[in-house]
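To start, the structure under review is shown below, and the notes come after it.
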Amino acid sequence: MSVIVIEFITLDGIVSDPDGSVGTPLGGWAFRHGPETVAGDKFRLGRTLDDGVLLLGRATWQLFSRLWPRRDDPFAARMNAVPKLVASRTLARADTSVWANSQLLESDLVDVVKRERRDVVITGSLSVVDQLMAADLVDEYRLLTFPTVLGTGRRLFPTDGRHAELECLAAEQAGAAVLTRYRRAAR
């Protein structure tokens, strides 16, 4: 089992509001580079979506639950079919019925991830990522880095965050962006 964080990110490390859905002044920065840069399996998840589970925070889940069920391309079919765990204190179990295979976490996020036997993929969901990074549970980061510098916004790795040594697994151009894969360095 691996815990994999996937994020759209700017050159200066900002991950907030890549699609503009939050309405920040500089939001939508990832989508300005055209649909070919963000569409499909840009994070090279492959069989991980077939055999793993998505872990989403409330805000990301709510955004995705409005978008993905209406799409009908092959990648959307995989996104809709994958089991989804939702970390939320405000959603009700009935709320999750709008997106197939969604289930609210019944207990502590960190405990759930520690017990999970499948690969866990977290997309967006910075509050979830923060908790898993603090618990030293993230095994891999797949970052789609866009040639944009925002100067302000939420960073994936905050300046007061914990130290981490990572090993680069791969780097490849993906449209206007670059997909980089890093894993936790051997201890």
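Has the range 64-71 got any residue that is basic (Lys, Arg) and under 13 Å from Phe146 (Cα atoms)? Taking every residue of the range 64-71 in turn, none turns out to be basic (Lys, Arg) and under 13 Å from Phe146 (Cα atoms).
Residues in the range 100-111 that are in a loop (DSSP other than H, G, I, E, B) and under 14 Å from Val53 (Cα atoms) were compared, and the one that is most open to solvent (accessible area, probe 1.4 Å) is Asn101.
Scan the range 146-167 for residues that are part of a loop (DSSP other than H, G, I, E, B), without any contact (Cβ under 8 Å) to a residue 60 or more places away in the chain and surrounded by 11 or more Cβ atoms within 10 Å (Cβ to Cβ) and report the count.
3
For the range 116-137, state whether one or more residues are touching a helix residue (DSSP H, G or I) at 6+ places or on another chain (Cβ under 6 Å), surrounded by fewer than 20 Cβ atoms within 10 Å (Cβ to Cβ) and hydroxyl-bearing (Ser, Thr, Tyr). Looking for residues that are touching a helix residue (DSSP H, G or I) at 6+ places or on another chain (Cβ under 6 Å), surrounded by fewer than 20 Cβ atoms within 10 Å (Cβ to Cβ) and hydroxyl-bearing (Ser, Thr, Tyr), one finds none in the range 116-137, hence no. Determine, yes or no, whether Asp95 is in a loop (DSSP other than H, G, I, E, B) and either among the acidic types (Asp, Glu) or open to solvent by 30 Å² or more (accessible area, probe 1.4 Å) (or both). So Asp95 fails the test. Scanning the range 30-68 for residues that are aromatic (Phe, Trp, Tyr) and open to solvent by 20 Å² or more (accessible area, probe 1.4 Å), we see that the one that is farthest from Gln131 (Cα to Cα) is Phe31. Checking the structure you have, find out if any residue of the range 81-90 is modelled with pLDDT under 90, open to solvent by 20 Å² or more (accessible area, probe 1.4 Å) and not basic (Lys, Arg). Looking through the range 81-90, at least one residue is modelled with pLDDT under 90, open to solvent by 20 Å² or more (accessible area, probe 1.4 Å) and not basic (Lys, Arg). Restricted to the range 20-29, and to residues there that are touching a residue at least 60 places away in the same chain (Cβ under 8 Å) and farther than 16 Å from Ala176 by Cα, the residue that is least open to solvent (accessible area, probe 1.4 Å) is Thr24.
The values are calculated or read from the model by the stated rules, or taken from the named source; none is laboratory data. Being a predicted model, the structure only gives us computed values, none of them experimental. Here Cβ is always computed from backbone atoms with ideal geometry, including for glycine, and neighbour counts include all displayed protein chains. The accessibility values were calculated without ligands, DNA or RNA, using every heavy atom of the protein model including side chains. Shrake-Rupley method; radii C 1.70, N 1.55, O 1.52, S 1.80 Å.
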